[in-house]
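The values are calculated or read from the model by the stated rules, or taken from the named source; none is laboratory data. Predicted, not measured: the structure shown is a model, and the values here were computed from it. All Cβ positions, glycine included, derive from the backbone under ideal geometry; neighbour counts span all protein chains shown.
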Amino acid sequence: MRVLMADDHALVREAVASYLSEREGFEILHASTLQETLDSLSQDEAVDVVLLDLVMPGMDGMTSIQKVLAQCGKARLVIFSGSTNHSFVAQAIELGVRGFVPKTMSLRSIGSALRMVRDGEVFVPSAMFTDTFNVGARSAPRDGAQFSPIEAQVLKLAADGKTNKEIAVLLQTTEVLVKMHMRSICKKVDARNRTHAAMRARELGRL
């Protein structure tokens, strides 16, 4: 398995690359800027997965991600970041990114995640789309929160009893994204889970 490791932090890049090559048997290519990443992809069609840092030189958010996706060919793109923005990750996956790997993840787990992506799965840590929240840490209901069009569709289908898998099929999206949208919905209406979210939405006149 060939992985293009694109990160300008040499210590991070070398640590991850060393583990993946020595323990997992991956073949690692290196890049430290957006341009080096694009050049590597244009010169090597055998890359399986690109592990892309979001803040290295040349990167400019979603615009740069689109540039890398356009150059990926058969390679699958995975975001590698120290910060988490749920809406950004969801948008990136909609565009074709195949996963999000936080830099806090263990090296062993990174290897497993990359294999999942290579094999056709979309990888996002479960903590990013869990339906359950810590009740003790709940904030006051945000009655003015608005749902995006896709969130409104997800909520309506969930309230009708559809499973995440069924919703994904109906909306022609992935189950991972449905879970992420549901997490956002729960947060907006201060709900503990999908059932509670439907109840809260009805109380607030949103359903």
Give me the helices (runs of 4 or more DSSP H) completely within the range 129-207, filtered to those with at least 2 residues that are modelled with pLDDT of 75 or more and in contact with a Cys (Cβ under 8 Å, 6 or more places away or on another chain), ordered by residue number. 194-203
Identify all residues within the range 11-45 that are among the small types (Gly, Ala, Ser) and either farther than 20 Å from residue 72 by Cβ or modelled with pLDDT under 90 (or both); write none if there are none. 15, 18, 21, 25
Residue 60 meets each of (1) surrounded by fewer than 22 Cβ atoms within 10 Å (Cβ to Cβ); (2) within 23 Å of residue 121 (Cα to Cα); (3) not aromatic (Phe, Trp, Tyr) with one exception, condition (2)
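Test residue 63 against the stated conditions and say whether it is outside the structural domain of residue 149 (by TED's automatic domain parsing), of a type in the set (Val, Ile, Thr), more than 19 Å from residue 118 (Cβ to Cβ) and not in a loop (DSSP other than H, G, I, E, B).
Working: outside the structural domain of residue 149 (by TED's automatic domain parsing): yes; of a type in the set (Val, Ile, Thr): yes; more than 19 Å from residue 118 (Cβ to Cβ): yes; not in a loop (DSSP other than H, G, I, E, B): yes.
Here the answer is yes, as residue 63 does meet what is asked.
Suppose we filter 197, 168 for residues that are in contact with an Asp or Glu (Cβ under 6 Å, 6 or more places away or on another chain) and not charged (D, E, K, R); which single one remains?
Details: 197 fails: in contact with an Asp or Glu (Cβ under 6 Å, 6 or more places away or on another chain).
Selected residue: 168, the only one of 197, 168 that is in contact with an Asp or Glu (Cβ under 6 Å, 6 or more places away or on another chain) and not charged (D, E, K, R).
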Please go through the range 72-104 and pick out each residue that is on the phi < 0 side of the Ramachandran plot, part of a loop (DSSP other than H, G, I, E, B) and surrounded by fewer than 17 Cβ atoms within 10 Å (Cβ to Cβ). 74, 82, 83, 84, 85, 103, 104
